[in-house]
Amino acid sequence: MPLFPRTPRAARLPTDVVPRMEKFGRFEFDPVGSDIDASDVWAELQAPFLEFAQSDPEGFARALANAVLPAGGFALFGAARTVWNLAGSDFTSPAYAAVRMAALEFFRVNGVPNNRLSADDWRFWQQNRTEPWLVGRPPPAPGEARIAPLAPGEERRVAQVTGAPNANVVYVRAAPDGGFVAVVDAPTSESDPTRCRFDWSAADTLHGLYTRIGEAFQTPVHWVADELLPFIPLPRPRF
């Protein structure tokens, strides 16, 4: 029995709508890690739904909800993003809200930090739920943390964000005049692979700087130095 009333147009959803939504959800969550060719996304995963979504957005949302809510997983997120893309960011309906909330619950249960959510999805969660997203461990106390000292001007590599050859790399550096700075080494832009450096964060102590880096990451990135890892409050997501 469908969760939402069917409309005559519901039959216009392809029979493989769930795997298409799952594929789109994985792409939207992690375009690089999904191994999905971006050039195929619109033609295969969005364009086939455009006419239905724009001519009957309410019926489209109900049909998608009936298809993906029993399936769960990334199909939920793919469907939520599809409604957003094709029916418009200001579209609202009970079916769409149910799919969107189910997608967020899927992420939360699997340990996805809120810094991986869009600003609109995070606002939607805060407007509709009162419980915290995830609760992480506190950073170690200054006396508990094992941090090797840095001499003035010395720097140390503490993190690499992804496994890609051109990944952003984070260093911590002791400033000559006191204090410590987190420095990011990264490509200049998407079109310019030349590496550049910029100061990201600063603190009076290494402990304070590691705390700030951990709060920014929320979960471990591709590689994290052993002395930084205790400052990252949450474990890696389950996918």
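The values are calculated or read from the model by the stated rules, or taken from the named source; none is laboratory data. The shown structure was predicted, so the numbers you read here are calculated from the model rather than taken from an experiment. Quick reminder, even Gly has a Cβ in these numbers, built from the backbone with ideal geometry, and neighbours come from all protein chains shown.
Just one of (1) aromatic (Phe, Trp, Tyr); (2) farther than 21 Å from PHE29 by Cα; (3) free of Cβ contacts under 8 Å to residues at least 60 places away in the same chain trips up PHE231, so point out which. Only one criterion is unmet by PHE231, namely (3).
Within region 91-107, track down each residue that is in a helix (DSSP H, G or I) and either crowded, with 18+ Cβ neighbours inside 10 Å or hydrophobic (A, V, I, L, M, F, W, C) (or both). Within region 91-107, ALA95, TYR96, ALA97, ALA98, VAL99, ARG100, MET101, ALA102, ALA103, LEU104, PHE106, PHE107 qualify. Of all residues in region 48-66, those that are surrounded by fewer than 21 Cβ atoms within 10 Å (Cβ to Cβ) and either in a helix (DSSP H, G or I) or free of Cβ contacts under 8 Å to residues at least 40 places away in the same chain (or both) total 9.
For region 121-130, the condition of being closer than 21 Å to ARG236 by Cα and at pLDDT below 95 holds for none of the residues. Against the conditions (1) outside any loop (DSSP other than H, G, I, E, B); (2) under 17 Å from the mean Cα position of the chain (by Cα), ASP35 satisfies every one except (1). For region 210-224, the condition of being over 20 Å from the mean Cα position of the chain (by Cα) and under 23 Å from LEU134 (Cβ atoms) holds for at least one residue.
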